[in-house]
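The values are calculated or read from the model by the stated rules, or taken from the named source; none is laboratory data. Being a predicted model, the structure only gives us computed values, none of them experimental. Note that we place each Cβ from the backbone using ideal geometry, even for glycine, and neighbour counts take in every protein chain shown.
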Amino acid sequence: MEFNYDKYPEGISDPLSLLDRDESVWERGYYCEVEGGCWYELYVTDKVKKLFPDLYEENANKKVVASPFLGFKGLLLDHYEESDQITFFDSENEKKWGYSHLTDIFLQFLK
């Protein structure tokens, strides 16, 4: 699953307000509502980045996405190590793997 820039040329650019994000997890964030759900582009705080310098683990001598993050749709971590950015799709039909769940994953390690 990939973001459709032809259909949404502005990209994932609507800022999340302070009321819509947990400041202990997210430095800033953006979203774009699309048919079937919402795309998020989120940037973790320095505290989260220290706990999670990357979001991969070794599995059979290969680097794979760490298990807590495997269920997210459209997950893009290419910019995480350099820019602290996580991009993913939050489906209307599968709220378990959405924005709130990702926030909760990080919050459990921040306590």
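The number of residues in segment 18-48 being assigned to a helix (DSSP H, G or I) and under 20 Å from Trp97 (Cα atoms) comes to 2. What is the number of the single condition among (1) surrounded by 13 or more Cβ atoms within 10 Å (Cβ to Cβ); (2) modelled with pLDDT under 95; (3) of a type outside the set (Lys, Arg); (4) under 23 Å from Glu23 (Cα atoms) that Gln85 does not meet? Every condition holds for Gln85 apart from (2).
Just one of the listed residues (Asn93, Asn59) is more than 22 Å from Asn4 (Cα to Cα) and free of Cβ contacts under 8 Å to residues at least 60 places away in the same chain, namely Asn59.
Across segment 49-75, what is the number of residues that are in contact with a strand residue (DSSP E or B) (Cβ under 8 Å, 6 or more places away or on another chain), within 17 Å of Phe106 (Cβ to Cβ) and not in a loop (DSSP other than H, G, I, E, B)? Of the residues in segment 49-75, 6 are in contact with a strand residue (DSSP E or B) (Cβ under 8 Å, 6 or more places away or on another chain), within 17 Å of Phe106 (Cβ to Cβ) and not in a loop (DSSP other than H, G, I, E, B). When every residue of segment 21-28 is checked against the conditions, at least one turns out to be surrounded by fewer than 13 Cβ atoms within 10 Å (Cβ to Cβ), under 15 Å from the mean Cα position of the chain (by Cα) and over 23 Å from Glu2 (Cα atoms).
In segment 2-15, the residue that is nearest to Leu75 (Cα to Cα) out of those that are touching a residue at least 24 places away in the same chain (Cβ under 8 Å) and surrounded by 13 or more Cβ atoms within 10 Å (Cβ to Cβ) is Phe3. Selection of segment 88-111 for residues being assigned to a strand (DSSP E or B) and buried (at least 18 other Cβ atoms within 10 Å of the Cβ) yields Phe88, Phe89, Asp90. Filtered by the rule that a residue be among the hydrophobic types (A, V, I, L, M, F, W, C) and either modelled with pLDDT of 95 or more or within 14 Å of the chain's Cα centre (by Cα) (or both), segment 2-20 gives Phe3, Ile12, Leu16. Taking segment 14-65 as the range and being out of contact with any Ser or Thr (no Cβ under 9 Å at 6 or more places or on another chain) and small (Gly, Ala, Ser) as the test, the residues that pass are Ser17, Gly29, Ala60.
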